[in-house]
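**Student:** Below is a structure I'd like to ask you about.
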Amino acid sequence: AAAAADAATPRRRVVMRATGGGSVKYASAFERIGVALQPRDEMRSMVHGLNFLLTSVEGEAFCVDAGDPLSPLSPERAAALPRRYLRAQPSPFPYLFVSIGSGVSIIEVTGWGEQFRRVDGSSIGGGTFWGLCRLLLQCGSFDELIALTERGVSSNVDMLVGDIYGGDCAAHNLNKDVIAASFGKARAAAAR
């Protein structure tokens, strides 16, 4: 009797705002479980959210000074860099917002509302990294992949400035350890 009463009771419909391709692709699957997705533009949502943080929340965003932008930065050194937390300000504009996800988008934000535009980007991002690693290393999970990166030495496959010039390239102010070509040594390694 209780099961019949539960079946007769109308379920409350849940409405959820969502961004990204999945909010469209999986909308019907969510409908089957009583959740109506309301797709929103992802870039617009990110910009509006970041504008809110930069203007209303103290210490939510930070900057780091990595020193020479052409010198390599190890994960350990990057983690140890001091963070300069930003104060909320009424008008943080203009600024560049770099969104790194499956791909990369560089967004110029010049003001409130719709005052932003995508100025550049790349299809090479986290999705490329994850896909290559799954194909080449047969990783089953992202955690397994990260563990492998901690043991690996990228200079075994990446061609460095020093590989080309025999040291630093003073003419272009490039340190010998800067990557000149990702996977640049892979061809030579495959020939061995």
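The values are calculated or read from the model by the stated rules, or taken from the named source; none is laboratory data. Remember, it's a predicted structure, so these values are computed and weren't measured experimentally. Cβ placement follows ideal geometry from the backbone for every residue including glycine, while neighbour counts extend to all protein chains displayed. For the accessible areas, the whole protein counts, side chains as well, though only heavy atoms, and no ligand, DNA or RNA atoms are used. Shrake-Rupley method; radii C 1.70, N 1.55, O 1.52, S 1.80 Å.
**Student:** Residues of segment 101-119 being touching a residue at least 12 places away in the same chain (Cβ under 8 Å), assigned to a loop (DSSP other than H, G, I, E, B) and either open to solvent by 60 Å² or more (accessible area, probe 1.4 Å) or within 10 Å of residue 47 (Cβ to Cβ) (or both), which ones? Don't jump to the end; show me each part of the working.
**Tutor:** Going through segment 101-119, the residues touching a residue at least 12 places away in the same chain (Cβ under 8 Å) turn out to be 101-112, 114-116, 118-119.
Add one more test, that the residue is assigned to a loop (DSSP other than H, G, I, E, B), and what stays is 101-103, 110-112, 114-115.
Of everything in segment 101-119, those that are touching a residue at least 12 places away in the same chain (Cβ under 8 Å), assigned to a loop (DSSP other than H, G, I, E, B) and either open to solvent by 60 Å² or more (accessible area, probe 1.4 Å) or within 10 Å of residue 47 (Cβ to Cβ) (or both) turn out to be 102, 110, 112, 114, 115.
**Student:** Could you please find all residues in segment 164-191 being aliphatic (A, V, I, L, M) and either within 20 Å of residue 130 (Cβ to Cβ) or part of a helix (DSSP H, G or I) (or both)?
**Tutor:** First, the residues of segment 164-191 that are aliphatic (A, V, I, L, M): 164, 170-171, 174, 178-181, 186, 188-191.
Hits for segment 164-191 are 164, 170, 171, 179, 186, 188, 189, 190, 191.
**Student:** Another one. Do we find a residue being acidic (Asp, Glu) and open to solvent by less than 50 Å² (accessible area, probe 1.4 Å) anywhere in segment 120-142? Give the derivation first.
**Tutor:** Taking segment 120-142 as the starting set, the residues that turn out to be acidic (Asp, Glu) are 120.
Then keep just the ones that are open to solvent by less than 50 Å² (accessible area, probe 1.4 Å); that gives none.
Taking every residue of segment 120-142 in turn, none turns out to be acidic (Asp, Glu) and open to solvent by less than 50 Å² (accessible area, probe 1.4 Å).
**Student:** Return the residues of segment 93-116 that are among the β-branched types (Val, Ile, Thr) and within 16 Å of residue 51 (Cβ to Cβ); say none if nothing qualifies. Steps first, answer last, please.
**Tutor:** Of all residues in segment 93-116, those among the β-branched types (Val, Ile, Thr) come to 98, 100, 104, 106-107, 109-110.
98, 107, 109, 110, listed by residue number.
**Student:** Here is a follow-up. Could you name every one of the strands (runs of 3 or more DSSP E) located completely within segment 41-100 that has at least 1 residues being open to solvent by 50 Å² or more (accessible area, probe 1.4 Å) and basic (Lys, Arg)? Break it down stepwise before answering.
**Tutor:** Details: elements: 62-64, 83-85, 95-100.
Fully inside segment 41-100 and qualifying: 83-85.
**Student:** Give all pairs with beta carbons closer than 9 Å in which a residue from segment 157-171 that is under 16 Å from residue 73 (Cβ atoms) and open to solvent by less than 80 Å² (accessible area, probe 1.4 Å) meets a residue that is assigned to a loop (DSSP other than H, G, I, E, B) and of a type in the set (Asp, Glu); count only pairs at least 6 apart in sequence or on separate chains.
**Tutor:** Every condition considered, the pairs that remain are 160/177; 161/168; 161/177.
**Student:** Under 9 Å by Cβ, and 6 or more places apart or on different chains, what pairs join a residue from segment 36-64 that is at positive phi with one that is assigned to a loop (DSSP other than H, G, I, E, B)?
**Tutor:** Correct list of pairs: 59/86; 59/87; 59/88.
**Student:** I'm trying to understand the selection: among the residues of segment 140-163, which are in contact with a Gly (Cβ under 9 Å, 6 or more places away or on another chain), of a type in the set (A, V, I, L, M, F, W, C) and not in a loop (DSSP other than H, G, I, E, B)?
**Tutor:** Within segment 140-163, 159, 160, 161 qualify.
**Student:** Inside segment 65-92, can you point out the residues that are of a type outside the set (Ser, Thr, Tyr) and touching a residue at least 24 places away in the same chain (Cβ under 8 Å)? Reasoning before the result, please.
**Tutor:** So the first thing to find is which residues in segment 65-92 are of a type outside the set (Ser, Thr, Tyr), and the list is 65-70, 72-73, 75-84, 86-90, 92.
68, 70, 72, 86, 87, 88, 89, 90, 92 - these are the residues of segment 65-92 that are of a type outside the set (Ser, Thr, Tyr) and touching a residue at least 24 places away in the same chain (Cβ under 8 Å).
**Student:** Looking at this structure, is residue 23 under 22 Å from residue 100 (Cβ atoms), of a type in the set (Gly, Ala, Ser) and either at pLDDT below 95 or surrounded by 11 or more Cβ atoms within 10 Å (Cβ to Cβ) (or both)? Spell out how you get there, then give the answer.
**Tutor:** Working: under 22 Å from residue 100 (Cβ atoms): yes; of a type in the set (Gly, Ala, Ser): yes; either at pLDDT below 95 or surrounded by 11 or more Cβ atoms within 10 Å (Cβ to Cβ) (or both): yes.
Judged against the criteria, residue 23 is a match.
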